[in-house]
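The values are calculated or read from the model by the stated rules, or taken from the named source; none is laboratory data. No experiment lies behind these values; they were computed from the predicted model shown. Methodologically, a virtual Cβ is constructed for each residue, glycine included, from the backbone with ideal geometry; neighbour enumeration extends over all protein chains shown. Note: areas computed on protein heavy atoms with side chains; ligands, DNA, RNA excluded. Shrake-Rupley method; radii C 1.70, N 1.55, O 1.52, S 1.80 Å.
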Amino acid sequence: MTTYTLRSASPAKTRADVVVVGLVQGDDRPEVAPGGEDVAKAWGRKLSPMLASLGVTGKAGEVTRIPTAGTISSPVLLLVGLGPEVSTTALRAAAGSAARAATNAVSLALALPATSPAEVRAVTEGYLLGSYAFTAYKGTGKDGTAAKTDDNPADVVVLTADARKKPTVTAFEEARVVAAAVATARDWVNTPPGDLRPPTFARAVEAAGSDFVKEHAHGRGTPKVGVTVWDEEQLAAQGFGGLISVGRGSSEPPRLVELSYAPKGATTHLALVGKGITFDSGGLSIKPAQGMHEMKSDMAGAAAVVAATLAVAALRLPVRVTAYAAMAENMLGSDATRPGDVVTIYGGRTVEVLNTDAEGRMVLADALVKAGEGEPDLVVDVATLTGAMVVALGDKVAGVMGDDEVVARMRAAALAAGEESWPMPIPEEMHERVRTSKVADLAQVDWVRWGGGLYAAAFLREFVAGRPWAHLDIAGPAFGSSAHGHVTAGGTGYGVSTLVELVRGLADQG
C-alpha cells in the first residue's frame, strides 16, 4: 500500500530514493520546469552540458534517469519531458511516465510544476493513473514463490509551496478520488470475460455503490447512491427488447443497472447511459478470431458511467446524476437473435436486426428511453460502439456526436481531463438511412460501407426524444495495446475523468 502526501520541502534536500523533475523542450536546449529550480541550482553550470551529452531534449514522453552522486539528497534524479510548454495535460502524462519508470524505489518525490490546484490535481492524478497495474490474476513466479505484483514506492510525496493551503489540499484529495474511480473502471474492463458476465457485473456495481463512496468520500456522512437492478424476467415483462434480444444467445441473462445520486439542492439532472456488453463474439454475425480477446472491453462504456457516478457522489458535486448500465453478453447460442429478426425496443419502436454484431446500439436504445423517463436536463451515452470510429480517429481519440452545445461541453470536459476527443457530424442523410427497413420502424444497420459511426449515432438519436444529448464513442481509446503517459495498457478507464469534469462544469454553472 502506497502512502501519498503533500509537502513543501525543497526537492534538492528531500530524502527520497527518487526525485522527479520536469523538463520543458526548448529551441536549443531543455529547461528545468518550475518546481525543480533547487535541483538545477545544485547542479549549476554542469547540468546543461550533461543533458546535452545524454541527448536529453525534454520532449513529451522522454524519461531520463541520472545518478546524483551526492549532488542532491536523493540518489536518483528522474527527468521527465513536458514538451514545449507546461500544461495540465503535459503534467498528467509526465507524472504517469514517471510512475512507470520509478520502479523498485521505496520513496519518491514529485517536483513537477504544482503552483496551482489544477496543476496539483494533474500531477497527482497522472502519477496514480500511471502507476496502475492489474494484478488480480498474477500467481507464482517461475521458482514457485509468490510473484511480486506491486513495484510502486511505499511513499510518494507531491512537492508544492502551497502544500498547506486548503484549495491545494482539496485538489490533491479530489485527484485521488477520480484516480480511484478510473482504476475501478480499469479493473472491470481488464477482468477476464468469463469472470465478469452480466449478473456478476451487476453484483459488482451493487457492491461498489456503497463501498466506493464510503471509502473515498471526505467529510461528515456518506453520500447516498441508490442502486436498482432489473433481471431478465423484469426486463422481459417491461419490454426491454434490445437487452433481451442481445442476451438470448448467452447462458447468462442480461441486466440493467440504475445508479442514482440526488444531492439536496441540485438544480441540474444529468442522465448517463453506458454500453455494458461483457463479451462480444459478434453473435451469429461472428467476429474474426484475431483480436476477439479484447472484446472483454466492450463493457467499458458501462464501467465509465458507473465509476464516474461513484466519483461524483464521493466528491459531493451538487448535480443530480442517474446512470444506466445496459449489460448483456453477445454469444452464439441456439436461441441467439438472427439477422432478419424484428425487435421491439423499450417504449414500443421496432428495429429490424441485420447484423448481430451491431448489438451495442440495441441495448443502448432500451436504456436511453428509460433514462428519458426521468426527464433529465441532458443525456450522455458512452460506448465502445463502432470500428468505423477507430478507422476515422485512431486508437487514442474518442468521437463526440450530438447536439452542438452538449458536444462542446463534452469536448471542454475531455480537454480538462486530459482525454482526447473530436467532434463528428450526424449528416441529415442519416435521418432517412435509419428508416430504410421495409418491415420495422428502424433499420439497425444498412450495410453501406461509409459512415458507420455516424449512422450508429443517428440511430441512437432516435431514442432520446429530442432532449439535449451527446454520444461518446470510445471504441478506440477504451483498450490500449501499449502504455503512454498516464494511460496504461489494457483497459484505460477512458471517459471517467471526462464525465467527472462534465459534472464539475454543470456544478459551476449552477
Residue 16 long-range amide H proximity, modeled H, under 5 Å: 74
Take region 60-104, compute every pairwise Cα distance, and split them into 5 Å bins from 0; I just need the percent in each bin. 5, 24, 26, 19, 16, 10, 1
Descending principal axes extents, region 331-386, alpha-carbon based, whole Å: 41, 25, 16
Calculated log₁₀ intensity ratio I(q)/I(0) where the Debye formula runs over C-alpha points of region 181-334, q = 0.09, 0.16, 0.17, 0.19 Å⁻¹: -0.29, -0.84, -0.92, -1.09
Can you tell me the orientation of helix 496-509 relative to the chain, as the angle in degrees between its alpha-carbon axis and the longest Cα principal axis, to the nearest 10? 90 degrees
Taking the Cβ of residue 30 as the centre, find all other residues whose Cβ is under 12 Å away and add up their charges (Lys, Arg: +1; Asp, Glu: -1). -2
Set of lysines with alpha-carbon distance to residue 296 below 16 Å, sequence-local pairs under 8 removed: 275, 287
Taking the Cα centre of region 24-156 as the origin and placing charges on Cβ (Lys, Arg +1; Asp, Glu -1), which of 51, 87, 120 is farthest toward the positive end of the dipole? 51
³J(HN,Hα) computed for each position of region 405-418 - Karplus, 6.51 cos²θ - 1.76 cosθ + 1.60, integer Hz, glycine/proline x: 5, 6, 4, 4, 4, 5, 5, 5, 5, 4, 4, 5, 8, x
Given C-alpha coordinates of region 37-122, what is the ratio Rg to Rh with the Kirkwood estimate of Rh? 0.95
CD proxy, 222 nm, the chain: helix-only mean residue ellipticity via -39,500 (n - 2.57) per DSSP H run with n ≥ 4, per residue, nearest 500, stands at -11000 deg cm²/dmol
Rank-order 199-205, 433-439 by packing density, defined as the average count of other C-beta atoms within 10 Å over each peptide's residues, highest first. 199-205, 433-439
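Tell me which chymotrypsin sites (Phe, Trp or Tyr not before Pro) from region 397-483 have a DSSP coil assignment and no more than 14 other beta carbons within 10 Å of their own.
Answer in residue order: 447, 450.
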Positive dipole terminus of region 369-510, leading residue within 485, 466, 498 (C-beta point charges): 485
Cα long-axis angle, helix 117-130 against the chain (0 to 90 degrees, to the nearest 10): 80 degrees
Rounded to two decimals, the Debye log10 I(q)/I(0) of region 447-488 (Cα scatterers, no solvent) at q = 0.19, 0.20, 0.25, 0.31 Å⁻¹ is -0.73, -0.76, -0.88, -1.10
If I model region 58-188 as equal point scatterers sitting on the Cα atoms and use the Debye formula, what is log10 I(q)/I(0) at q = 0.11, 0.13, 0.18, 0.20 Å⁻¹? -0.43, -0.60, -1.05, -1.22
Could you work out the Rg to Rh ratio of the chain, with Rh taken as the Kirkwood radius (inverse of the mean 1/r over all Cα pairs)? 1.01
Whenever you get a sec, compute what percent of the accessible area on the chain sits on carbon and sulfur atoms (1.4 Å probe). 51 percent
Order of 377-385, 31-39, 8-16 by packing, highest average Cβ count within 10 Å first? 377-385, 31-39, 8-16
Looking only at Cα atoms, what is the convex hull volume of region 188-263 per residue, in Å³? 107 Å³
Can you compute the modelled spin-label distance between residue 231 and residue 467, with each label point 7 Å from Cα toward Cβ, in nm? 2.8 nm
Return the percentage of antiparallel bridges among DSSP beta bridges fully within region 223-336, rounded to the nearest 5 %. 50 percent
Note down the magnitude of the dipole of the chain about its Cα centre, charges +1 on Lys and Arg C-beta and -1 on Asp and Glu C-beta and zero elsewhere, to the nearest 20 debye. 1500 debye
Alpha-carbon Rg/Rh ratio, for region 156-216, with Rh computed the Kirkwood way: 1.16
Beyond 14 Å, how much of the Cα-Cα pair distribution for region 283-338 remains, as a whole percent? 66 percent
When all C-alpha to C-alpha distances in region 239-323 are sorted into bins of 5 Å, what percent of pairs does each bin hold, rounded to whole numbers? 3, 13, 19, 19, 14, 12, 9, 6, 4, 1, 0
Suppose R0 equals 35 Å; then what is the FRET efficiency for residue 166 and residue 412 from their Cβ-Cβ distance, rounded to the nearest 0.05? 0.85
Per residue accessible area in Å² of the chain, where ligands, DNA and RNA are left out and the probe is 1.4 Å: 41 Å²
Which of the peptides 307-314, 251-258, 420-427 is most tightly packed, and how do the rest follow, judged by the mean count of other Cβ atoms within 10 Å per residue? 307-314, 251-258, 420-427
In nm², what is the average projected area of the convex hull enclosing the Cα atoms of region 1-72? 5.8 nm²
Using alpha carbons only, how many degrees (0 to 90, rounded to 10) separate the axis of helix 300-314 from the longest principal axis of the chain? 60 degrees
Using +1 on the beta carbon of Lys and Arg, -1 on that of Asp and Glu, and nothing else charged, what's the dipole of region 204-360 about the Cα centre, debye to 20? 820 debye
How big is the convex hull of the Cα atoms of region 330-460, per residue, in Å³? 126 Å³
Binning every alpha carbon pair distance of region 265-407 at 10 Å from zero, what are the percents per bin? 11, 36, 35, 15, 3, 0
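Treating only the Cβ atoms of Lys and Arg (+1) and Asp and Glu (-1) as charged, compute the dipole magnitude of region 395-510 about its Cα centre; round to the nearest 20 debye.
Details: 10 positive and 15 negative charges, 38 e Å.
Using Cβ point charges on Lys, Arg, Asp and Glu, region 395-510 gives about 180 debye.
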Cross-link partners of residue 59 among lysines (Cα-Cα below 26 Å; sequence separation of 8 or more within a chain): 41, 46, 396
Positive-end residue, the chain charge dipole about Cα centroid, Cβ charges, pick of 259, 160, 393: 160
